[in-house]
Amino acid sequence: QVQLVESGGGLVQPGGSLRLSCTASGTIFRLYVMGWYRQAPGKQRELVARISSGGSTNYADSVKGRFTISRDNAENTVYLQMNSLKPEDTAVYYCNTVPSVVMYWGQGTQVTVSS
């Protein structure tokens with residue numbers, strides 16, 4: 001049984017930074033492409049960053065240059081460093097495989113960017 005647990009969200013002012021973590025259990029984590037997704041109120045969930053098992057990364061245009069995804073296969077953890085945060089980054093952030101698997105969705109972690 002796979003379980004993904006996100007943490008690290010919070011309230012931050014525009015221009016601030018946060019680091020999100022996602023720890024996986026019950027799976028051979030290192031073999032999967034992992035991604036960070038977000039869902040803002042009234043909007044569809046979107047993929048914002050992905051990282052291959054070997055460490056290759058891709059980003060949505062909206063976060064490119066501001067967000068950095070990384071992974072620690074030994075710790076079964078994937079991270080999302082978010083800098084220069086904007087109000088439009090406000091959303092619930094989730095991790096999942098890429099492509100996503102419905103049963104892997106966790107509770108997510110809320111990120112609110114506001115002054």
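The values are calculated or read from the model by the stated rules, or taken from the named source; none is laboratory data. In this text, all values refer to a predicted model and were calculated from it rather than measured experimentally. With ideal geometry, Cβ positions are generated from the backbone for all residues, glycine too; neighbour counts draw on all protein chains shown. Areas reflect the complete protein model, heavy atoms only, side chains present, ligands, DNA and RNA absent. Shrake-Rupley method; radii C 1.70, N 1.55, O 1.52, S 1.80 Å.
All told, Val78 falls short of being part of a loop (DSSP other than H, G, I, E, B) and either open to solvent by 50 Å² or more (accessible area, probe 1.4 Å) or at pLDDT 95 or above (or both).
Checked against (1) closer than 15 Å to Gly8 by Cβ; (2) among the aromatic types (Phe, Trp, Tyr); (3) free of Cβ contacts under 8 Å to residues at least 24 places away in the same chain, Trp36 passes all but condition (3). Restricting attention to the stretch 1-32, the residues that are under 15 Å from Ile51 (Cα atoms), in contact (Cβ under 8 Å) with a residue 24 or more places away in the chain and loosely packed, with under 15 Cβ neighbours inside 10 Å add up to 1.
Look at Arg50 and say whether it is charged (D, E, K, R), within 16 Å of Thr112 (Cα to Cα) and either in contact with a Pro (Cβ under 9 Å, 6 or more places away or on another chain) or modelled with pLDDT of 95 or more (or both). Against the criterion (charged (D, E, K, R), within 16 Å of Thr112 (Cα to Cα) and either in contact with a Pro (Cβ under 9 Å, 6 or more places away or on another chain) or modelled with pLDDT of 95 or more (or both)), Arg50 does not qualify. In the stretch 65-75, the residue that is surrounded by the fewest Cβ atoms within 10 Å (Cβ to Cβ) out of those that are hydrophobic (A, V, I, L, M, F, W, C) and at pLDDT 95 or above is Phe67.
Scanning the stretch 33-59 for residues that are in a loop (DSSP other than H, G, I, E, B) and open to solvent by less than 70 Å² (accessible area, probe 1.4 Å) yields Val33, Ala40, Ser52, Ser53, Gly55.
Condition check: of a type in the set (Ser, Thr, Tyr), outside any strand (DSSP E or B), over 11 Å from the mean Cα position of the chain (by Cα) and loosely packed, with under 14 Cβ neighbours inside 10 Å. Does Ser62 satisfy that?
Working: of a type in the set (Ser, Thr, Tyr): yes; outside any strand (DSSP E or B): yes; over 11 Å from the mean Cα position of the chain (by Cα): yes; loosely packed, with under 14 Cβ neighbours inside 10 Å: yes.
Here the answer is yes, as Ser62 does meet what is asked.
Filter the stretch 91-115 down to residues that are within 13 Å of the chain's Cα centre (by Cα) and surrounded by 14 or more Cβ atoms within 10 Å (Cβ to Cβ), then give me how many there are.
The first filter runs over the stretch 91-115 and keeps only residues within 13 Å of the chain's Cα centre (by Cα), leaving 91-98, 100, 105-111.
Now drop any that are not surrounded by 14 or more Cβ atoms within 10 Å (Cβ to Cβ), which leaves 91-98, 100, 105-106, 108-109, 111.
Looking only at that region, the number is 14.
Is it fair to say Leu85 is open to solvent by less than 60 Å² (accessible area, probe 1.4 Å), touching a Pro at 6+ places or on another chain (Cβ under 9 Å), of a type in the set (A, V, I, L, M) and at pLDDT 95 or above? Yes; evaluated as a whole, the condition is true for this residue.
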